[in-house]
1. Need the full-extension length gain, Lys53 to Leu109, defined as separation in residues times 0.36 nm minus the C-alpha distance. One decimal, nm.
2. If packing is taken as the mean number of other Cβ atoms within 10 Å per residue, what is the order of 175-184, 312-321, highest first?
3. Under a point-charge model restricted to the Cβ atoms of Lys and Arg (+1) and Asp and Glu (-1), what is the dipole moment magnitude of the chain relative to its Cα centre, in debye to the nearest 20?
4. For the pair Ser227 and Lys264, what calculated FRET efficiency results from E = 1/(1 + (r/R0)^6), where r is the Cβ-Cβ distance and R0 = 41 Å, to the nearest 0.05?
5. Would you list, by chain and number, the lysines whose Cα falls below 23 Å from the Cα of Lys295, excluding same-chain residues fewer than 8 positions away?
6. With an 8 Å cut-off on Cα pairs and a minimum separation of 6 or more residues, tell me the relative contact order of the chain in percent.
7. Take the Cα atoms of the range 208-311, find their three principal axes, and give me the spread along each one in whole Å, biggest first.
8. Let's see if you can work this out: charge +1 on each Lys and Arg Cβ, -1 on each Asp and Glu Cβ, no other charges. What is the dipole magnitude of the range 3-69 about its Cα centre, in debye to the nearest 20?
Amino acid sequence: MNTNEVCNLINISSKSLRVYEDYGIVIPKREKNNYRNYSKDDLLKLRTVKLLKELGFSLRDIKVLIDNNNCSSTQFIRSLYLQSKAIERKIYELKNIKSTLTKSIDKILVSKKDDIENNYFINDIDTILKENKSNRKQWVDMWGFDNKAVKFDKMVRDRSNDELGLFEKYDDILIKVRNEIIKYGAKKVIDIGCGTGNLCGELSGSIEVLGIDQSLEMILQAKNKYSNMNLKLGNFLYKPFQKNYFDIVVTTYAFHSLNHEEKKKAINNMLEYLNDDGKIIIIDFMFVNNKEKDKCREKLLSENKNQLWDVINNKYYTILDEFKNHITMLGYKIRTDHIINFTWLVEIEK
Ligand SMILES: C[S@@+](CC[C@H](N)C(=O)[O-])C[C@H]1O[C@@H](n2cnc3c(N)ncnc32)[C@H](O)[C@@H]1O
């Protein structure tokens, strides 16, 4: 394919083609008359280069990625993943800054001159900039699941390292949920925070199952074990890509990564995924009410088990009475069942 044809086909300028050639990224063969002749491989590379440029990669990085791409597809997907997470993080930070600025404007509009001289609104911006900076270290994978992925399956089954009994009866509980899905006659299931696919992987041969997770490494583990399973990078908080479609939206041991407000957003999204006869199944760590949470804290602290309390307090265990109120106010039915230790089953129906 000659230069003109390539430019037209992938909507790229001949100047860009020359730059990529100078950088050694895509070097087409030359005909006898010295005209360039782009192969199918060159076209594929050019498409990738275009995408990477849009994602914000520098040409130097693109060259490394393109060169590496020949050796391993997983390496390549990981690079894309990192870039997309970086962009996600940037959007989050910019949104934070924008909402702080808007709030400051509102404050200034209602304040007296003295308040403005106190510069408190500048402190707000400083605080948010500092927060953004300090949180930046954890943007890649908020709860470190990328790092835990390889050992995750072993970890949930290792009773010696689980003093709180968080994953006690893990396999039995997943079997119970799988049976529930089968009994319900579900044909289309979405598992959010699917991790390494332990819940739905086994169902993927017989019914349509989609697993989504925010951690690429967890998804790659699932893909390794269950090659038939449909998997997708995603998040509880992203707008549903398929509405009114699934018979069951299920999530196990993942809901506690969301704070109170995020849980509300996630529930709205889960309801949107669901068809009219469908139901949501949540398995997760919960407290009946705040009193029970306080009692747990007092007990652990009195036994000098501060670190165990930190394990609980660093996440967002659902407070069931508040959660039940929220769901009922939305007009949905909710059923709860205590399973073991901190683990509860919650079912929500339209
Ligand atoms: C403890 S693991 C549980 C995995 C699996 N559900 C299971 O039962 O084995 C929690 C999973 O939730 C995922 N996760 C956490 N926050 C998430 C979010 N906001 N959106 C999507 N997945 C999330 C993590 O990446 C991780 O894979």
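1. Working: separation 56, 0.36 × 56 = 20.16 nm, distance 4.17 nm.
Once the chain is fully extended between Lys53 and Leu109, it gains 16.0 nm.
2. Averaged packing, sorted descending, gives the order 312-321, 175-184.
3. The dipole magnitude comes to about 1060 debye.
4. 0.70
5. Counting by Cα, and skipping residues close in sequence, Lys295 has these lysines nearby: Lys305, Lys315, Lys324.
6. Rounded, it is 10 percent for the chain.
7. Between the extreme Cα coordinates on each principal axis of the range 208-311 lie 48, 33, 19 Å.
8. Dipole about the Cα centre, nearest 20: 120 debye.
Laboratory data are not the source of any read-out in this text; all were calculated from the coordinates shown. For clarity, every value in this text was computed on a predicted model and none was experimentally measured. Positions of Cβ are backbone-derived with ideal geometry, glycine not excepted, and every protein chain shown enters the neighbour counts.
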